[in-house]
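Each remark here refers to the structure printed beneath this line.
The values are calculated or read from the model by the stated rules, or taken from the named source; none is laboratory data. These numbers come from a predicted model, not from an experiment. Ideal geometry is used to build each Cβ from the backbone, glycine not excepted, and the neighbour counts take in all protein chains shown.
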Amino acid sequence: MRRGILRAPVYVVLVIASVLAVVPFAWMAIASTHATSDLFGTPLPVLPGGELWVNLARLQESVDFSGVMLNSLVIAVIYTVFSSIVSIMCGYGLATYRFRGRGLLLGLVLVTMMIPMQVLLVPLFQMMASAGWIDTYQAVVLPFLANAFGIFLMRQGFLDFPVSLIEAARIDGANEFRTFYRIVLPVARPQIAALVIYTFISQWNAFIWPLLMLNTEDKYTVPVALNTMIGMSRVDYSGLMLGSLLATLPLMLLFLVFQKQFVSGLLGGAVKG
C-alpha cells in the first residue's frame, strides 16, 4: 500500500499526459464526421456526426486522396528500403572495423544532424535542377538516403555485438557478406525494426522537400495534397481533418505491429557507448 501511495503521483501524471495526447486525435476523428460549419458552432460537437461519407467523397474529388496515398506509400517504402540498407551497412562498418579516422568520420556524420534543413534547400534544389530531376520521385528520395540518425542508431546497436563471433566466422571461411548477412543481421533485428519505423514515418510526414520537388498534382504526396486544401479565403476543415486522420492510420498500424521491436531497438541503442 505504501508503494502504491508513493507511485500515485506518477500514475496521475501519466493519466493526464495520456489524456492530453489522445484528445487532439479524438477531436480530429470527431471533426471528420461533421460539416465544416458544425465545427465553429456552439457548443462544439463531442459525438460523431453523419457527414463522414460526404466528407470522404469531397476529399477524394478535391485531391484524389487514394492516389496521393499510393504515391506516399511508394515513396516511403522505396526510401525506407534503400535508406535502411545504407544506414545498416555504414553503422556496421563504423562499429566493427578499426581504421584511422573512424572517430572523425563518426563526428562528421553526427555534425550533419545539426545542420538545419532550411540551409540545404537551395543547394539541393540547384543540384536536382541541374540533373533534370525536378518533378520526379528520385529527387524526393535520393538526397536523403544517408540518414545520420539511422547510421548512429545502427552503429550503437552493433557496438555490443561480440567481435569473437565475427572473427570465428572469418576463420571458418565465411566472407564479409555472408558473415554480415547470416550472423550479424539476425541479432540486430530490434534495431533494424526501430530504424525501419523511424525512416518510414519521417519520409511519410516529409513536407517541405516534396513540396519543392513535385509540381504535378498526380505525383503529390499526402502532406503536399493536404496543403492544397488550405485556400486563401476558405478552408475545408472537415475534409482536412478526415485526410489527416486517414494519413495517420498507416503509421499507427506500423507502430502497433512493430511496437515491441521499436522500443527494444531504441533502448538497446541508447545504452551502448
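Structural remarks
- Close pairs (6 angstrom Cβ cut-off, 6 or more residues apart or separate chains): β-branched (Val, Ile, Thr) in the range 1-20, surrounded by fewer than 10 Cβ atoms within 10 Å (Cβ to Cβ) and outside any helix (DSSP H, G or I) anywhere: none
- Each residue in the range 231-243 was checked for being out of contact with any strand residue (DSSP E or B) (no Cβ under 9 Å at 6 or more places or on another chain) and either surrounded by fewer than 17 Cβ atoms within 10 Å (Cβ to Cβ) or aliphatic (A, V, I, L, M) (or both), and 7 of them qualify.
- Residue count for the range 197-208 under the criterion of being surrounded by fewer than 22 Cβ atoms within 10 Å (Cβ to Cβ) and assigned to a helix (DSSP H, G or I): the result is 5.
- Test: residue in the range 68-78 that is part of a helix (DSSP H, G or I), at pLDDT 90 or above and of a type in the set (Ser, Thr, Tyr): yes
- Scanning the range 90-121 for residues that are surrounded by 10 or more Cβ atoms within 10 Å (Cβ to Cβ), without any contact (Cβ under 8 Å) to a residue 40 or more places away in the chain and part of a helix (DSSP H, G or I) returns 93, 102, 105, 107, 108, 111, 112, 113, 120.
- Per the listing 169, 146, 174, the residue uniquely within 29 Å of residue 113 (Cα to Cα) and of a type in the set (A, V, I, L, M) is 146.
- Condition check for residue 241: closer than 28 Å to residue 133 by Cβ and within 25 Å of the chain's Cα centre (by Cα): no
- Among the conditions (1) surrounded by 12 or more Cβ atoms within 10 Å (Cβ to Cβ); (2) among the basic types (Lys, Arg); (3) modelled with pLDDT under 85, the only one that residue 58 does not satisfy is (3).
- Look at (1) within 21 Å of residue 86 (Cα to Cα); (2) touching a helix residue (DSSP H, G or I) at 6+ places or on another chain (Cβ under 7 Å); (3) in a helix (DSSP H, G or I) and you find that residue 181 fails only one, number (2).
- Applying the set (1) among the aliphatic types (A, V, I, L, M); (2) within 30 Å of residue 153 (Cα to Cα); (3) without any contact (Cβ under 8 Å) to a residue 40 or more places away in the chain; (4) in contact with a Phe, Trp or Tyr (Cβ under 9 Å, 6 or more places away or on another chain) to residue 85 leaves exactly one unmet item: (4).
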